[in-house]
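What follows is one structure encoded as structure tokens, with my remarks underneath.
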Amino acid sequence: MGCYCSTSKKTEAQGYEEPTILSSETPCEYHDPSLNVTVSEVEALHELYKKLSNSIVEDGLIHKEEFQLALFRNKNKKNLFADRIFDLFDLKRNGVIEFGEFVRSLGVFHPNAALEDKITFAFRLYDLRQTGFIEREELKEMVLALLHESDLELSDDMIETIVDKTFSDADINGDGRIDQDEWKAFVSKHPSLIKNMTLPYLKDITLAFPSFVIRTDIEESEM
Amino acid sequence: MSQPKIKRRVGKYEVGRTIGEGTFAKVKFARNSETGDPVALKILDKEKVLKHKMAEQIRREVATMKLIKHPNVVRLCEVMGSKTKIYIVLEFVTGGELFDKIVNHGRMSENEARRYFQQLINAVDYCHSRGVYHRDLKPENLLLDAYGNLKVSDFGLSALSQQVRDDGLLHTTCGTPNYVAPEVLNDRGYDGVTADLWSCGVILFVLVAGYLPFDDPNLMNLYKKISVAEFTCPPWLSFSARKLITSWILIPPLTKFLASYHLHQLDFMIMQIRIMRITIPEILDDEWFKKDYKPPVFEENGETNLDDVEAVFKDSEEHHVTEKKEEQPTAMNAFELISMSKGLNLENLFDTEQGFKRETRFTSKSPADEIINKIEEAAKPLGFDVQKKNYKMRLANVKAGRKGNLNVATEIFQVAPSLHMVEVRKAKGDTLEFHKFYKKLSTSLDDVVWKTEDDMQMRETK
């Protein structure tokens, strides 16, 4: 395998940000800078990003169809949860995920990322209407979406039972909606709820997507 | 995941969630497994009851309550005892608390309030005529059945919230003071009739006004307001309603004066309040009350058997009810269900090959025990040892494969009463071997599998 060596700045696709900067900006557990996503991890993510962002439209940006293609091997697959994740990753709200957004958002999924951040991300994910609360109707909508996606048909009564049971367990103050504190308490009782907020792959990403770009503006110790 | 659910049975009752809790008793939802009827199960700790020397009083009250059969009073169906507990089986009322209606919709029309108030007075009158007093009438004790009829709960079970002291009079130490009569607050001992009627007056006020007659964030001020009956009727009340409420808690000026300035003459004040307070015959004769009044029609079934009460309080072991705990599959909550969505599994962004998975799941409409048995029956012929614990299984291949012995873990989760999710994952060994094993296993499970994960994702590739 060859290496690309350069002292000059390579012209990157729109939305590209420097790995060194991104690395220092992506917080992990307890927001301890020593646990930030490393530069080599950011560079490996860039390899993955290039692959995803050029899968349909070769413009170096991840469009929703490209995101869907990566998740489902089908660019037309409509999925409520994938849409929510895409929207949360799209920090600038411009309909595409730029490289900086991709890295910053995936930072939450890093095994070293703060538990608090994972819990908050999951809360924002399930707060479909962005009201600062997870409402009963939203929970029901998500259950229906999951059942539809899984091709499971349950009676209305059964769906109501599932939703009611969970809602009464989580809505501690009984005001008909789940706030951030109630969500935190609920997750601490059911830690498996945020299992998919951690991607072990991010630890090993440098092996899966080795970056063959040796950059002179990076300390040798970083390589 | 949530902890495995433990189903508890007491005699013929299947015990569910806790629906209320007090100093002496916990109330749980339960279901009669023979009839399917829901009940409320009041559970008392024998040790606590004996320690507070309340066994005899509770026995008396429970025996009396078994005799009370009125459409507006929550029925006491039976009493059971175990080594450590006393179980009081009560009618389960489904319509929630009456006062939720006020919280949610504000004050009631006088006609609606009158209907509930008539039912309340019917219940109180019936119980008083049989020597049974409530002594703690408050919003939580006023329930509605499925047809919107009032049901008073905890009638006659005052021992569970109050205590008798050496003076032989009842003394209360609990509850919200807003509904409590002055003599109760002043803790001078009281009789049940006047205390209950005072509370009925306050309840009537709240029904028609939508707020409390006596209220103050400062407890001492609140006590003072109650003691001097300091309240104002809202302007929207009809004259006849106002007259009834005022006659209820009206205290003559002399008493107000005494209450404010001569607290050592409190006994005289209390006596005055008692003299002035309205009686049930007067209520029944009141013009506002009588409008559209229909006296309750109900049958008092002849004999009531009190053998169960005697057996429980004599603590005869032959009558002890059996308490059993049965493991249930772990309940999967809605968020756990949602988190299974493929759209939330970002591993697919990295897993470009999407090779064989290390875990899979299927749903089943069969009972959990049947699923367990079928998995065991299917795994053994494939050369697997089976270990079972509750609703988890460990299947270990006796023959070593490419990467040692293949071990498979399975667990059953309850998604809804008649739907289970079965998770099958590789715990040890080769992923390809696991995949082959699962294919063979699922073929043998045809009659219990409703949808496999592949079925669930078929539409994605269409």
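Tell me whether segment A:167-174 contains one or more residues that are surrounded by 14 or more Cβ atoms within 10 Å (Cβ to Cβ), under 29 Å from residue A:74 (Cβ atoms), more than 7 Å from chain B (Cβ to nearest Cβ) and of a type in the set (A, V, I, L, M, F, W, C).
Of segment A:167-174, the ones surrounded by 14 or more Cβ atoms within 10 Å (Cβ to Cβ) are A:167, A:169-171.
Now drop any that are not under 29 Å from residue A:74 (Cβ atoms), which leaves none.
No, because not a single residue in segment A:167-174 is surrounded by 14 or more Cβ atoms within 10 Å (Cβ to Cβ), under 29 Å from residue A:74 (Cβ atoms), more than 7 Å from chain B (Cβ to nearest Cβ) and of a type in the set (A, V, I, L, M, F, W, C).
Just one of (1) more than 30 Å from residue A:160 (Cα to Cα); (2) surrounded by fewer than 21 Cβ atoms within 10 Å (Cβ to Cβ) trips up residue B:434, so point out which.
Of the numbered conditions (1) more than 30 Å from residue A:160 (Cα to Cα); (2) surrounded by fewer than 21 Cβ atoms within 10 Å (Cβ to Cβ), the odd one out for residue B:434 is (2).
For segment B:198-290, please list each of the helices (runs of 4 or more DSSP H) lying entirely inside it that holds at least 3 residues being within 23 Å of residue B:108 (Cβ to Cβ), open to solvent by less than 90 Å² (accessible area, probe 1.4 Å) and at pLDDT 70 or above.
Numbers: elements: B:219-227, B:239-248, B:253-261, B:266-276, B:280-284, B:287-290.
Fully inside segment B:198-290 and qualifying: B:239-248, B:280-284.
Which of (1) in a loop (DSSP other than H, G, I, E, B); (2) open to solvent by less than 30 Å² (accessible area, probe 1.4 Å) does residue B:80 not meet, given it meets every other one?
(1)
Residue check, residue A:129 against (1) modelled with pLDDT under 90; (2) within 23 Å of residue B:417 (Cα to Cα); (3) open to solvent by 40 Å² or more (accessible area, probe 1.4 Å), all met but one. Which one?
Checking residue A:129 against (1) modelled with pLDDT under 90; (2) within 23 Å of residue B:417 (Cα to Cα); (3) open to solvent by 40 Å² or more (accessible area, probe 1.4 Å), the one that fails is (2).
Considering A:144, A:139, which residue is under 28 Å from residue A:89 (Cα atoms), open to solvent by 60 Å² or more (accessible area, probe 1.4 Å) and hydrophobic (A, V, I, L, M, F, W, C)?
Criteria check complete, one pass: A:144.
Here's a check for you: in segment A:66-96, which residue that is over 18 Å from residue A:149 (Cβ atoms) and not hydrophobic (A, V, I, L, M, F, W, C) is nearest to the other protein chains (Cβ to nearest Cβ)?
Looking at the filtered set, the residue picked out is A:66.
Criterion first (over 18 Å from residue A:116 (Cα atoms), open to solvent by 60 Å² or more (accessible area, probe 1.4 Å) and either more than 25 Å from the chain's Cα centre (by Cα) or facing another protein chain (nearest Cβ under 8 Å) (or both)) does residue A:160 satisfy it? Give the derivation first.
On the way: over 18 Å from residue A:116 (Cα atoms): yes; open to solvent by 60 Å² or more (accessible area, probe 1.4 Å): no; either more than 25 Å from the chain's Cα centre (by Cα) or facing another protein chain (nearest Cβ under 8 Å) (or both): yes.
No: the conditions fail for residue A:160.
Examine segment A:105-117 for a residue that is more than 8 Å from chain B (Cβ to nearest Cβ), buried (at least 18 other Cβ atoms within 10 Å of the Cβ) and aromatic (Phe, Trp, Tyr), and state whether such a residue exists.
no
The values are calculated or read from the model by the stated rules, or taken from the named source; none is laboratory data. From a predicted model like this one, the values you see are computed outputs, not experimental measurements. Every residue, glycine as well, gets a Cβ built from its backbone with ideal geometry; the counts of neighbours run over all protein chains shown. Side chains are part of the model used for accessible areas, which takes the heavy atoms of the whole protein and leaves out ligands, DNA and RNA. Shrake-Rupley method; radii C 1.70, N 1.55, O 1.52, S 1.80 Å.
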